[in-house]
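All remarks here apply to the structure that follows.
Rule-based calculations on the coordinates, nothing more; no lab input. Predicted, not measured: the structure shown is a model, and the values here were computed from it. Quick reminder, even Gly has a Cβ in these numbers, built from the backbone with ideal geometry, and neighbours come from all protein chains shown.
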Amino acid sequence: MQQIALDIGLVPVPTFDNFFTGPNAAVVEQLQSWLSPQDAGHAPLTAYLWGPQGSGKSHLLQAAYDQWRAQGHTVGRMDAHTSEACTFDERWVAVVLDDVDGYTPIQQQLAFSWFVQAHTLQRPVLAAGLVAPTLLTLREDLRTRLGWGHVLGLDLLSDAQTRVALRQAADARGLALSEEVMDFTLRRFSRDLGSLMQLLDTLDRYALQTQRALTIPLVKSMLENA
């Protein structure tokens, strides 16, 4: 079995500039407005993004996290894969909670603790999940607090918008993505944008590793050797 070389440097860092807004332009504008008061410590207390898998929630949370970090701040961060409990740090200017619908009871307890302390210190909390706060199956005190501020719903891209987003992502990587390869990919793989971007990253690495152009035979070869 041939191993695919992982060149992480090829994967663009999620930013607001490289987020394809599609039907979510108003949501992204509102989120950026929420993030842009005089400094992070004076932002409204809570913003919660919700939408189906692949709608871009984690991309936007990462972009916000990196924006705060670029300003020299430290930020508390947790997602459903976080395994180590971490106590709230008063140096944090914000708290980022991703994938909240997947939190274990221990993670829910930690997230609630972070939320309470962040609120006490007037620090913003930016969170995301698959469904609106009213539909979350979390402990009630955490669920209700996630709905205290802005609740912003994200929609999936249409097929036409997905094609444009893929084209832009391929161009950003310097990857020649033909219409034939795009058609083949969209017929055979999940159409949510997150999965497609991961697939594009893998195809990019595999094309470089094998020193071959991105063609349908290359895609088939990658699948056979995965």
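Taking every C-alpha pair closer than 8 Å and separated by at least 6 residues, the mean separation divided by the residue count of the range 22-153 gives a relative contact order of 35 percent. Relative contact order, percent, of the range 125-226 when contacts are C-alpha pairs under 8 Å separated by at least 6 residues? Over the range 125-226, the number comes to 21 percent.
Between the Cα long axis of helix 159-172 and the first principal axis of the chain there is an angle of about 80°, rounded to the nearest 10.
Ordered by the count of other Cβ atoms within 10 Å of each Cβ, fewest first, Trp148, Trp92 give Trp148, Trp92. Can you give me the Cα centroid spacing of the range 110-142 and the range 175-206 in angstrom? Using only Cα atoms, the two centres lie 35 Å from each other.
What FRET efficiency comes out for the pair Gln32/Asp155, r = Cβ-Cβ distance, R0 = 22 Å, nearest 0.05?
Values: r = 18 Å, r/R0 = 0.80.
Calculated value: 0.80.
As a length-normalised measure over Cα pairs under 8 Å and 6 or more apart, the relative contact order of the chain settles at 28 percent.
Only helices enter this figure: runs of n ≥ 4 DSSP H residues, each worth -39500 (n - 2.57), summed and divided by the residues of the chain, yield -14000 deg cm²/dmol at 222 nm to the nearest 500.
Under the convention that each Lys and Arg Cβ holds +1 and each Asp and Glu Cβ holds -1, the size of the dipole of the chain around its Cα centre is about 120 debye.
Once the Cα atoms are used to define both axes, helix 105-120 deviates from the longest principal axis of the chain by about 60 degrees.
Counting Lys +1, Arg +1, Asp -1, Glu -1, what net charge surrounds Trp92 among other residues with beta carbon under 12 Å of its beta carbon? Don't jump to the answer; show the numbers that get you there.
Working: positive: Arg69, Arg77, Arg91, Arg123; negative: Asp89, Glu90.
Taking every other residue near Trp92 into account, the sum is +2.
Under 16 Å from a label point set 7 Å out along the Cα-to-Cβ vector of Asp141, the amide N atoms of the range 96-132 belong to 105-121. Within 15 Å, Cβ to Cβ, of Asn24, how many net charges do the neighbouring residues add up to if Lys/Arg are +1 and Asp/Glu are -1? Net charge in that neighbourhood comes out at -3.
Applying both filters, DSSP loop and at most 11 other Cβ atoms within 10 Å, to the trypsin sites (Lys or Arg not before Pro) of the range 54-137 gives Arg91. The slack between Thr134 and Asn18, meaning 0.36 nm per residue of separation minus the straight C-alpha distance, is 38.7 nm.
Can you tell me the orientation of helix 193-210 relative to the chain, as the angle in degrees between its alpha-carbon axis and the longest Cα principal axis, to the nearest 10? Result, in degrees: 40. Based on the Kirkwood approach, the hydrodynamic radius assigned to the chain is 19.0 Å, with every pair of different Cα atoms included.
Of the beta bridges DSSP finds with both residues in the chain, what % are antiparallel, to the nearest 5?
That works out to approximately 0 percent antiparallel.
Between the listed residues Gln109, Gln53, Ala172, the Cα displaced farthest toward the positive end of the dipole of the chain, a dipole computed from Cβ unit charges relative to the Cα centre, is found at Gln53. For the range 22-153, DSSP calls about 0 percent of its internal beta bridges antiparallel.
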